[in-house]
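Note sheet for the following structure.
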Amino acid sequence: MTTVILSGGSGTRLWPLSRKLMPKQFLKLFDGKSLFQKTVERNELISDDILVITNEDQYFIALDQLEEIKNKLTPQNPKFLLEEIGRNTAPAIAFAAFESDEEEILFITPSDHLIKNQEEYKKAISRAKELAEEGYLVTFGIKPTKPHTGYGYIESNGEDVIRFHEKPDIKTAKEYLKRGNFYWNSGMFMFKAGVYLEELKRYSPEVYDKCKEVYENHIKPITNNQLRITNMQDIPDISIDYAVMEKSNKIKVVPSNFEWNDVGSFDSLVYEIKSKEAIEINSKNNFYYSDNEKKVIATIGLEDYIVIDTKDALLITKKGESQKVKNIVNQLKPTHYPLLTTHSIVHRPWGTFETLIDDLGYKIKRIVVKPGKRLSLQKHFHRNEHWIVVSGTAKVQVGEKTYLVRPNESTYIKMGEIHRLSNPGKIPVVLIEAQVGEYTGEDDIVRIEDDFKRN
């Protein structure tokens with residue numbers, strides 16, 4: 001059995017914690033681990049292989065997080081399919097199926113769900129595998145614990161699916177809970193690769209044909225376990241539910257009793273992590289989060305609120321209304337798009353950088369380069385750079401010249417010069433970079449050579 005982990009989402013409903021380049025599945029909010037790491041650990045012992053479907057921006061974050069837990073991994077290193085653009089779950093799963101033997105059992109799971117009770121989880125997986133071996137497309141129904149309007153529902157008669165239902169209003173959700181044969185739609189599936197492709201071809205032939213054409217002509221191997229998928233723009237954007245599951249007559253559901261949370265809003269997140277302590281006056285039943293452990297939060301007359309504080313954004317929402325965060329995201333897109341894309345600390349495969357000051361004509365960054373890593377060989381057309389090393393020893397290449405820069409030493413990179421920054425040592429290199437020029441955007445980088453094979 002191959003576990004296929006879907007990990008390409010941006011998690012905008014948890015903004016400002018979750019951003020496009022650091023979405024919720026990679027946030028280490030759960031006992032010092034991310035949902036992605038927990039998904040890998042949860043499935044490593046029940047899978048023969050793991051296949052991760054993500055995009056190039058998130059690939060290196062996933063690699064870093066796998067490195068942190070690799071001493072516990074038992075399967076071979078996961079394979080990655082890197083999508084050029086996201087086209088929803090039906091095409092993503094089609095690529096996984098094309099990449100697999102037609103008899104291979106595929107267990108499809110999102111990377112951003114929190115699941116507890118491993119024994120019940122294993123029971124559900126075991127039963128689903130039996131049904132998949134018989135040729136069924138299997139979905140997992142979660143026994144509801146309350147009337148929830150944020151989930152789709154599966155109406156069933158035992159393991160037979162009667163129909164799928166869209167997210168209900170509260171009155172309908174209460175009726176579903178009362179009737180007892182309705183389950184939350186978990187978004188997890190299991191089936192043979194060949195069976196899925198047959199049903200996709202039968203019920204969504206355009207999706208099948210477009211995916212097959214791209215798979216046969218536009219997949220490029222980058223490393224032994226990394227494939228890049230391009231030319232995806234003509235593939236329809238559609239979920240597996242609409243493309244196959246709601247149409248096929250080969251559907252079974254496994255009613256499941258493990259604890260499940262898709263952490264799709266702050267209202268669901270507050271039950272899973274501890275609130276930051278605050279000074280409260282005439283305040284109660286609030287949840288506080290800050291990415292600054294030293295920051296003091298104080299409230300007066302606040303009740304039933306969620307307060308999320310990051311370095312560059314503050315969100316305050318009434319409990320029960322955090323689903324509306326997506327409306328804020330939509331308003332930010334035209335004028336404050338960078339707030340949706342990155343945090344103040346940006347992760348790169350070689351380390352991180354944090355923008356300290358960004359003003360007209362100059363930018364100040366704090367850069368951290370991991371031991372043994374180096375940035376791409378590059379040049380800039382619109383800025384000069386000054387590097388001051390704070391700790392560690394940096395190896396600097398400028399044109400044909402290479403030299404070391406030690407703590408409290410600096411160097412200068414002139415506009416247009418080909419250069420590279422490396423860390424040959426065993427501790428991180430920390431430096432302050434001052435950019436001066438008419439334009440200091442991140443897209444003023446011409447990569448000439450790159451260890452990480454980025455475009």
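Read-outs: derived from the displayed coordinates by stated rules, not from any lab. Note that the coordinates shown come from a computational prediction; the quantities given were computed from them, not determined experimentally. With ideal geometry, Cβ positions are generated from the backbone for all residues, glycine too; neighbour counts draw on all protein chains shown.
Towards the positive end of the charge dipole of the chain, with charges on Cβ (+1 Lys, Arg; -1 Asp, Glu), say which of F80, I46, N117 has the farthest Cα. The residue sitting most towards the positive pole is N117. Let me check I've understood the local charge: for V405, count other residues with C-beta under 15 angstrom from its C-beta, Lys and Arg +1, Asp and Glu -1. What total comes out? Charge balance near V405 sits at +2.
The range 1-22 and the range 425-455 have Cα centres spaced 25 Å apart.
Determine the alpha carbon to alpha carbon distance for each of K70/K426; K220/K250; K370/K395 and list only those over 24 Å. K220/K250, as the Cα separations exceed 24 Å there. Multiplying the residue separation of T352 and S410 by 0.36 nm and removing their Cα-Cα distance gives an extension gain of 18.9 nm. Projecting the Cα positions of H419, Q435, L137 onto the charge dipole of the chain (unit charges on Cβ atoms of Lys, Arg, Asp and Glu, taken about the Cα centre) puts Q435 furthest along the positive direction. Seen against the Cα atoms of the chain and their longest principal axis, helix 56-69 is set at about 80 degrees. Counting only DSSP beta bridges whose two residues both lie in the range 267-330, roughly 40 percent are antiparallel. On the principal axes of its alpha-carbon atoms, the range 236-284 has extents of 58, 31, 15 Å, going from largest to smallest. Taking 0.36 nm per residue of separation and subtracting the current Cα-Cα distance, fully stretching the chain between D450 and K28 would add 149.1 nm. Taking a Cβ cut-off of under 12 Å around A394, the surrounding Lys, Arg, Asp and Glu residues balance to a net charge of +3, with basic ones at +1 and acidic ones at -1. With a cut-off of 14 Å, note down the residues of the range 363-402 whose backbone N falls inside the zone around a label point 7 Å from the Cα of V436 toward its beta carbon. The answer is 363-364, 383-388. Considering only C-alpha atoms, what is the centroid distance from the range 269-328 to the range 42-69, in Å? Each part's Cα centre sits 31 Å from the other's. Counted by Cβ distance under 9 Å from M1, the other residues give a net charge of -2, where Lys and Arg count +1 and Asp and Glu count -1. The range 334-369 and the range 143-183 have their alpha-carbon centroids 44 Å apart. How about K318: which lysines have a C-alpha closer than 23 Å to its C-alpha, ignoring those fewer than 8 places off in the same chain? In chain and number order, the partners are K24, K146, K167, K171, K174, K274, K276, K284, K295, K326, K333.
With the cut-off at 1.5 for a/c, could you classify the chain from its C-alpha gyration tensor as rounded, prolate or oblate? The shape class here is oblate.
Each of D359 and V296 was given a label point 7 Å from its Cα along the Cα-to-Cβ line. The distance between the two points is 2.9 nm.
Relative to its Kirkwood radius, the Cα radius of gyration of the range 309-455 gives an Rg/Rh of 1.05. Charge dipole (Cα centre; +1 on Lys/Arg Cβ, -1 on Asp/Glu Cβ; no other charges) of the range 267-330 amounts to roughly 80 debye.
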